[in-house]
Amino acid sequence: MTTQEITATGDIEIAEASRTNLWRDAVARLAANRLAVVAILPIVLLFFIAAFGPYLTPYDFLAQDFTARLASPSSEHWLGTDELGRDVFSRILYGARTAVSVGLVSTAISLIVGLVMGSLAGYLGGRVDMLVVWLTDMTRSMPALLLAIVINLTLKVPLEAWMEQMYLASKNTFFRQTMWVDLVLVFGALALIQWPGYARLIRGQILSIRSRNYVLAARALGMPTGRILTRYVIPNAMGPLIVAVSAGMGGAMVLESAFSFLGVGVQLPIPSWGKMISDGLRMWQTHPHLLVGPAVMMAVITVSFAWLGDGLNDALNPRQWGG
Amino acid sequence: MSVLLDVQELQTRFQVRKGYVYAVNGVSFKLEEGETLAVVGESGCGKSVTMLSLVRLLPPAASIENGKVLLRGDDLLQIDQRQLRDVRGGQIGMIFQDPMTSLNPFINIGTQMSEPLIYHRGMSKKEALARSAELLEMVGIPDGEARLREYPHQFSGGMRQRVMIAMSMSCEPAVLIADEPTTALDVTIQAQIVELVKELRDRSGVAVIWITHDLSVVAGIADRVIVMYAGYIVEEAPVDALFEDPRHPYTVGLMGALPSLEGETGTRLTTIGGSPPDLEDLPDFCPFHTRCPYSIDRCRTENPMLEPVADASDRGHRAACWVDIREVEVQSNGAGASS
């Protein structure tokens, strides 16, 4: 039998030759998911507000109008003002910046730490693997909020003292801005809480992909290890990671609000939704507008990230790829 | 004909919690230029581990304890990682059992196929893609150039195995190791893949090691056959001699277990009674004796060496058995008489 005959007689089941790739397929699947598409809008809006919020706000987030303290929503102050006469709408827009920077930075830090630790554990195995798994277990066994409170209470004072010393030594006014201390502590605490999740995910991905047939086939073709990592292992590990990052961003924002609500998060005067909710809660019966604005924002963003994560999971789940 | 691959006393074992699993126990064979060697035996007899040992593609728990793998005189067990990578794909190509998972789902076929060409042959991306398109047509995938842009999930199982074959043959290796390449495919596709490999072999002169447990495939493709059992080679013979005059009881059992279209329907298929020995606790006598209808006392004390059989039609016919099975009447058909 010649090659041509083989072709003619068999392979009736030639796969449908749609000229697409997997990422485009995933985007198409995501676009077909209504909840995910609906969720993208508030998330895009959130990032937009975070980037341009200060230019959009009618008032500065610190500007106090003592003639209109605790004012109800009006055409002048769309969402009213708080105890100190600050515009709530402006503060919510500013709070988006806090939420997004916390989400991005803490996720980035925990992702990097998780990637390094997870890959090391997955590749090297043995003792390194045991050590990393032990570290993640230990971190995860501590309640997140308790850990954040401990970090805040133990590190804040020495860090502020160090900043003061640096200022005295260098006369650089950067070290006078103590709000950085809060942000660094919040980022640090969130990263510490979140890295074990990423580390475990990546470790599991690498363990499973390392033993896949296409990795064996690539090795049998003499591909160097670095190339196998970058072209075979990492791309195939991306799907679940993207899902985890999407969910993790929302999670980080909620956690930051929870910290602020409990008073261990971002401190005044930087607006934070959690802080606003906790302040508004004291007088929600008389001045509900203080609570409603930030609470609704928080809820919408949290739900949006959850829906988007869900949609991404469906779109990127390899078990749903046609084969 | 000159010897291309000379495997001597290969021993591979796996570390497990309690001790070791002895997967390959002193396997020696030679492969000549352009020859097709079939390796048969049941699951877990060490066929695949032997082949993976040749190019050191074993999982971390496995280690090669002894032996030499001489490819044109160079011992593949001694060379460094860099040289080893040049051998893999460059001189020894491999195709595997499950084509559905043997291709990276994230890169298109063209990129995937050109990687070994770029790496081993120093081609430019453009040259490699052009060569890949030719290779696809060569393995019977029409419109190769257009299909290079497609992804593995757009190919059927048979097509993916063709792609795998094209990839493993792309750098014109001297040896192609095919590890049960047709097992996961349905029967009509199986025949096509066998035909394809035969055609490529005849065209390029590559020597083929074809691992299978399907004796009908062996008859169609092989020049010589090795029968493995419990990590040992128990019989080695030219393909005609093996089918006409099998000398090891296990080979006889395998032949007997082939379903036949002749004879009555509705009868039960013949099997080899018993089960293979525990590879963690191998006896130091014949590992097959508990299932062997021919076994004698000596089988329970000494392990037979692979030696030329008496009155062989071919000098290369060897078997590891104490008994000359032509002289023995078998009482029960295949069932372990002495167990």
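Every read-out reported here was derived from the displayed coordinates using simple, explicitly stated rules and does not represent laboratory data. Note that this is a predicted model, so its numbers are computed, not measured. Here the Cβ positions follow ideal geometry from the backbone for every residue, glycine too, while neighbour counts run over all protein chains shown.
Details
- Amide H contacts for B:VAL225 (H built 1.01 Å from N in the peptide plane; partners 5 or more residues away or on another chain; cut-off under 5 Å): B:ALA38, B:ALA237, B:VAL239.
- Reachable aspartates and glutamates, given that their alpha-carbon falls under 12 Å from the alpha-carbon of B:LYS125 and they are not under 8 places away in the same chain: B:GLU115
- Residue mean of other protein chain beta carbons inside 10 Å, B:96-105: 5
- Cβ-based charge dipole, the protein assembly as shown, positive-most Cα from B:THR111, B:SER124, A:TYR167: A:TYR167
- For chain B, calculated [θ]222 nm from helices alone, where every DSSP H run of n ≥ 4 adds -39500 (n - 2.57): -8500 deg cm²/dmol
- Each part gets one Cα centre, and for segment B:199-231 versus segment B:267-319 those centres are 22 Å apart.
- Per-pair calculated FRET efficiency, R0 = 60 Å: A:VAL184 and B:GLU9 via Cβ, rounded to 0.05: 0.40
- Furthest towards positive pole of dipole, B:GLY140, A:VAL37, A:VAL254, structure part the protein assembly as shown, Cβ charges: A:VAL254
- Fewest-first sequence of A:SER141, A:SER260, A:SER304 by Cβ atoms within 10 Å of each Cβ: A:SER141, A:SER304, A:SER260
- Across the protein assembly as shown: Cys residues that no other cysteine approaches within a C-beta distance under 4.7 Å: B:CYS45, B:CYS171, B:CYS292, B:CYS321
- Rg [Å, one decimal], Dmax [Å, integer] - the protein assembly as shown, C-alpha atoms: 34.0, 117
- Cβ-based charge dipole, the protein assembly as shown, positive-most Cα from A:ALA63, B:ILE92, A:LEU79: A:ALA63
- Radius, Kirkwood style, for chain A when every pair of distinct Cα atoms is counted (Å): 22.9
- Ellipsoid equivalent to segment A:128-178 - semi-axes via the Cα gyration tensor, in Å: 34, 14, 7
- Straight-line reach from A:LYS171: taking Cα to Cα under 29 Å and skipping same-chain neighbours fewer than 8 places apart, the lysines in range are A:LYS156.
- Axis angle, to the nearest 10 degrees, between helix A:179-210 and the longest C-alpha principal axis of chain A: 10 degrees.
- Taking segment B:183-275 and dividing mean pair separation by its residue count, relative contact order in percent (alpha carbons under 8 Å, at least six apart): 15
- Given B:LYS47/B:LYS68; B:LYS68/B:LYS126; B:LYS18/B:LYS47, the pairs whose alpha carbons are separated by over 28 Å: B:LYS68/B:LYS126
- Whole-Hz couplings from phi, Karplus 6.51/-1.76/1.60, listed for segment B:227-240; x for Gly and Pro: 9, 10, 8, 6, x, 10, 7, 9, 8, 9, 7, x, 4, 5
- Overall, the protein assembly as shown carries a charge dipole of about 2900 debye about its Cα centre when +1 sits on the Cβ of Lys and Arg and -1 on the Cβ of Asp and Glu, all other atoms neutral.
- Helix A:34-56 axis, angle to chain A major axis (alpha carbon atoms, nearest 10°): 40
- Helix A:88-124 and the longest principal axis of the Cα set of chain A meet at an angle near 40°.
- Percent of Cα-Cα distances greater than 24 Å, calculated over segment B:3-222: 43
- Least to most buried among B:GLU280, B:GLU137 (fewest other Cβ within 10 Å first): B:GLU280, B:GLU137
- Relative to the Cα centre, the charge distribution of segment B:3-222, modelled as +1 at Lys and Arg Cβ and -1 at Asp and Glu Cβ, gives a dipole magnitude of about 640 debye.
- 3J(HN,Hα) along segment A:294-305: x, 5, 5, 4, 4, 5, 4, 5, 4, 4, 4, 5 Hz, from the Karplus curve 6.51 cos²θ - 1.76 cosθ + 1.60 with θ = phi - 60°, whole Hz, x for Gly and Pro.
- Alpha-carbon centroid distance for the pair segment A:72-92 / segment A:274-301, whole angstrom: 12
- Normalised by residue number, the volume inside the convex hull of the Cα atoms of segment B:9-75 is 91 Å³ per residue.
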